[in-house]
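As structure tokens, the structure follows; a few thoughts come after it.
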Amino acid sequence: MKVMPSLLIMRVTSLAFFLLLNSLPAADFQTDVLPIFQNKCYKCHGNGETKGDMSLEPGQIRRFISKQGPIVPGDSNAQILRMIREEPGVEAMPRQGGPLNEKQIAVITQWVVEGAKLGEGTPYALTQKSVLLSGTWTNTEGKRIEADLLGVEDEKALLRIKGKVHQVPLKSLSEESQAKIQEAIEQPSQPKEEK
């Protein structure tokens, strides 16, 4: 059986990606995938740009994640993956700024294969809430963290830490932090810095 060179290259490349994927931890949209999109794809598909009617921004990307879309959860042969792998028969992406490196391709591939989830159960809309108060928060054990307070739901403070929203039980925070939260939610105004 004679195998065409391009087909052989695709098979070897697929095997290499499979092996690389198995050595990577789970891909997280916010911390792993989004920075790649922002650095490599937003010139055409972000910051209000939607070339080809496609946006990779978190608030828009959900429209393109489907069985018929360019991002098919669980499909290692999804259109977006074929484009970033620069496979024959599809338009190579990104057009500007050079191709993605192997690790970037592997991360996006892993994210798609793992289901193209947009966060750890935290809806994207939650990450876009207005900041009520930015500051330092202390838990009952004395550990301090820098975070943005987005609100309170079900006795949990919604704290954005390094871009991720965490639901922190109020009772796990110090009395001082609980008091600051109570004050911030009772008198919401423009985002403010802690004094």
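Annotations
- Residue among L133, L118 that is closer than 30 Å to S174 by Cβ, at pLDDT below 90 and touching a Lys or Arg at 6+ places or on another chain (Cβ under 9 Å): L133
- Selection from segment 145-179 of residues that are over 25 Å from F29 (Cβ atoms) and loosely packed, with under 12 Cβ neighbours inside 10 Å: E155, K171, E175, E176, A179
- Summed over segment 93-115, the residues that are at pLDDT 90 or above, of a type outside the set (V, I, T) and more than 26 Å from I161 (Cβ to Cβ) give a count of 7.
- Test: residue in segment 169-176 that is modelled with pLDDT of 85 or more and within 30 Å of I65 (Cβ to Cβ): no
The values are calculated or read from the model by the stated rules, or taken from the named source; none is laboratory data. Predicted model only: the values in this text are computed from it and were never measured. Note: ideal-geometry Cβ built from the backbone for every residue, glycine included; neighbour counts use all protein chains shown.
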